[in-house]
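Working notes, beginning with the structure itself.
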Amino acid sequence: MSSTANPVVPTSEAAVDQRILIERAQGGDHDAFATLAGESIARLDAAARLILRDSELARDAVQEALVRCWRDLPTLRDVERFDGWLHRLLVNACLDLIRRRRRRAVEVELTSILSPAASDFSGGVVERDLLDRALRALEPDWRALVVLHYYLGMPLPEVAASLGIPLGTAKSRLHRAIGLLRATVERGAAVDVVSVPEGRFA
Amino acid sequence: MTTPRRFEGDLPALLADLYLAGMPDYRDDLVQRIERTPQRPAWTLPERWLPVELVTSRTPAARVPWRQIGVLALIALLLAAALAAYIGSHQARLPAPFGPAGNGFIPFAKSGDIYLGDPVSGGTHPLVTGPGDDKSPVSSPDGTRIAFNRSVPGTAADGTALFDTYVVNVDGSGLSRVSFTPIADSSRLSWAPDSRRLAIIQKVAGTSGCQGPSNCLAGKFDLVDTASGASQTVATVDGLDFVQFRPPDGRELMYRALVDGKWGMFAVGLDGSPVRTLAQPNVPGEMGLSFHAAMYSADGQRIFYEHGDAGGCCQLWVMNADGTGAHEFMPLGPAWDGNAVPSPDGQWVAYWHNPNDGPIHGISIARADETGRLLAAGPVLPGFGHYLWAPDSSKILLFPNDGSSGRAFLIDPHDGSFKTVAWDSDGDLDWQRIALPG
């Protein structure tokens, strides 16, 4: 099991460097933006795959978010909010893709869920499979909520603003989502092999 | 057994472990794409990209024109007085609950207060002000009253925000609370056709068919008599999140629900007649936009709805009000469609129509009888928005909820041109219906 519990917290030195890069990119410096994009693209890609459960869609979403970021960067007044703004662009791109998805061939993947003797999250493939399955059971906007808060480390008020929902609703949904994830993972111990339809989004 | 706290604590690492963040192979393609993309100028549209305080702070200092200010204040007072008189004098006759009506004022929320805006003059008039955090004003079908929600301190046990529902006469008198107990996580308020009762749907724990957290919820549908405050729970149904009263008399209503974890659409008479199935419950529960926000046509003979199936979501479909004749509405090739809003005169349907899955969104307008051409109307938005027709069908009022504008747009459905209203608001606009002239 990886121990990268907080993958996105920058150091203060890195923050200064990032500020300089953002200001240069705001002035039209392609190289500065390429550096910024290079620093963030891996975590954006992972976050998009967590939300969308589809690597091709994730690629589209990340590209869309970064192109919008470049295009609109001169209008960003507070460079300290760059990360939150970029994450908001990403989640909007993900949810837009989900809403606009049409007549895409349905890919059905049979996911074999092993039956562990006990539901213990201390490590291993079984836990990943169980969590993967539990995430699939969430609707995309709920997955976005979980990913923004627990993977990208965004504060809940910022998550609520990004998703356009009241803070109370975000808290409630996160509470329920975590409960469902936990219950699904724990229940996974007793579940046989199941088929999980891919590519069907609401 | 894993404790909740431990699971939450482990979740960041579990998620990071699920997809190890390596450098994607499309980074170079992206850099090339960005080199071909121009940047948006920072200062060309200050009213759109800058907050008001920043724009105003950049205004060069000048001598204060007290005389002009005095004249403007006098004009504003006269306008406000005329507005109040107009409101009071125009409700002698009342419009029917469905069909075309005259255009009244636009109720809107701004900074916790409720206002009425005049779309013609651009003037605004405070309706409910004070320390309460008020939002979501909705005009009654007869145009005489406004219902709205007021935030209540604290939250429900599960953390959701709480509201009280209030009603006020459109002249500002008769403010009264109509909810006995705070409402948790309420959906948008709607009025019954009698303009006396409010339809309120609250989310409660569901009973079956959980396919995702939101689908585990049921909707408790209450009708609240605004005169007596009496509340009647009509039904509690898995997945219920809206009801639509059927024109022309409102004696029947339509809703969607989950049956054994699958979405279907149903109708029921308020006289106790049995439930009719309009669309069999066979759409998988995870397709949460299917049948979402279905709308009756102005005459109540047809139903417009979003349709998703195993191939994806969503397209705009239409069926007869008895559930027969379901088909895709004006299929024009690959597109993402949804959120149909029929015009009150029955002639038109406005809906999101995005050919080829474009990255921006806009409203298109089609004839309700599915003849003629589609008209792209109004601004394109990076996100989405809420829109409704003017009561006389002459305009569409669109408020972006993507943060791209604090002002609503008024769209001409005949040529697609648009302008903004004269005031900022926080969204949740409605349009007062008044009796047609003559």
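The values are calculated or read from the model by the stated rules, or taken from the named source; none is laboratory data. Keep in mind the model is a prediction, meaning the values are calculated, not measured. Note that each Cβ is placed from the backbone with ideal geometry, even for glycine, and that neighbours are counted across all protein chains shown.
So, in the range A:54-84, how many residues would count as being surrounded by fewer than 20 Cβ atoms within 10 Å (Cβ to Cβ), touching a residue at least 24 places away in the same chain (Cβ under 8 Å) and not in a helix (DSSP H, G or I)?
1
Inside the range B:96-181, counting only strands (runs of 3 or more DSSP E) that do not spill past its ends, which hold 2 or more residues that are farther than 30 Å from B:SER394 by Cβ? Can you show your working first?
Values: elements: B:106-110, B:113-117, B:124-128, B:134-139, B:145-155, B:161-169.
Per the criteria, B:145-155, B:161-169.
Modelled with pLDDT of 65 or more, within 13 Å of chain A (Cβ to nearest Cβ) and closer than 30 Å to A:TRP70 by Cα, is that true of B:PRO46? Talk me through it step by step, then tell me what you get.
Values: modelled with pLDDT of 65 or more: no; within 13 Å of chain A (Cβ to nearest Cβ): yes; closer than 30 Å to A:TRP70 by Cα: yes.
No; evaluated as a whole, the condition is false for this residue.
Rundown of residues vs (1) under 18 Å from the mean Cα position of the chain (by Cα); (2) within 21 Å of B:PRO95 (Cα to Cα); (3) surrounded by fewer than 20 Cβ atoms within 10 Å (Cβ to Cβ); (4) modelled with pLDDT of 90 or more, yes/no style:
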{"residue": "B:ASP142", "(1), (2), (3), (4)": "no, yes, no, yes"}
{"residue": "B:ALA147", "(1), (2), (3), (4)": "yes, yes, no, yes"}
{"residue": "B:THR155", "(1), (2), (3), (4)": "no, no, yes, no"}
{"residue": "B:SER173", "(1), (2), (3), (4)": "no, yes, yes, yes"}
{"residue": "B:PHE180", "(1), (2), (3), (4)": "no, no, yes, no"}
{"residue": "B:ILE183", "(1), (2), (3), (4)": "no, no, no, no"}
{"residue": "B:ARG188", "(1), (2), (3), (4)": "yes, no, yes, no"}
{"residue": "B:ARG196", "(1), (2), (3), (4)": "no, yes, yes, yes"}
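Of everything in the range A:148-202 that's modelled with pLDDT of 70 or more, within 29 Å of A:SER40 (Cβ to Cβ) and in contact with a strand residue (DSSP E or B) (Cβ under 9 Å, 6 or more places away or on another chain), which residue is surrounded by the most Cβ atoms within 10 Å (Cβ to Cβ)?
It comes out as A:LYS171.
Of (1) modelled with pLDDT under 80; (2) out of contact with any strand residue (DSSP E or B) (no Cβ under 8 Å at 6 or more places or on another chain); (3) not β-branched (Val, Ile, Thr), A:GLU139 satisfies all except one. Which?
(1)
Could you give every pair whose Cβ atoms fall below 6 Å, whose first residue belongs to the range B:217-234 and is exposed (fewer than 15 other Cβ atoms within 10 Å of the Cβ), and whose second residue is of a type outside the set (D, E, K, R), counting only separations of at least 6 or pairs across chains?
These pairs meet every condition: B:GLY229/B:VAL178; B:GLN232/B:LEU223.
So B:GLY338 fits all but one of (1) under 16 Å from the mean Cα position of the chain (by Cα); (2) under 17 Å from B:TYR305 (Cβ atoms); (3) small (Gly, Ala, Ser); (4) surrounded by fewer than 22 Cβ atoms within 10 Å (Cβ to Cβ); what number is the exception?
Failed condition: (4).
Test B:LEU79 against the criterion of being buried (at least 18 other Cβ atoms within 10 Å of the Cβ) and at pLDDT below 90, and give yes or no.
Details: buried (at least 18 other Cβ atoms within 10 Å of the Cβ): no; at pLDDT below 90: yes.
Criteria not met by B:LEU79.
For the range B:268-298, enumerate the residues that are under 22 Å from B:SER364 (Cβ atoms) and at pLDDT 90 or above. Can you show your working first?
Narrowing the range B:268-298 to residues under 22 Å from B:SER364 (Cβ atoms): B:289-298.
Scanning the range B:268-298 gives B:ALA294, B:MET295, B:TYR296, B:SER297, B:ALA298.
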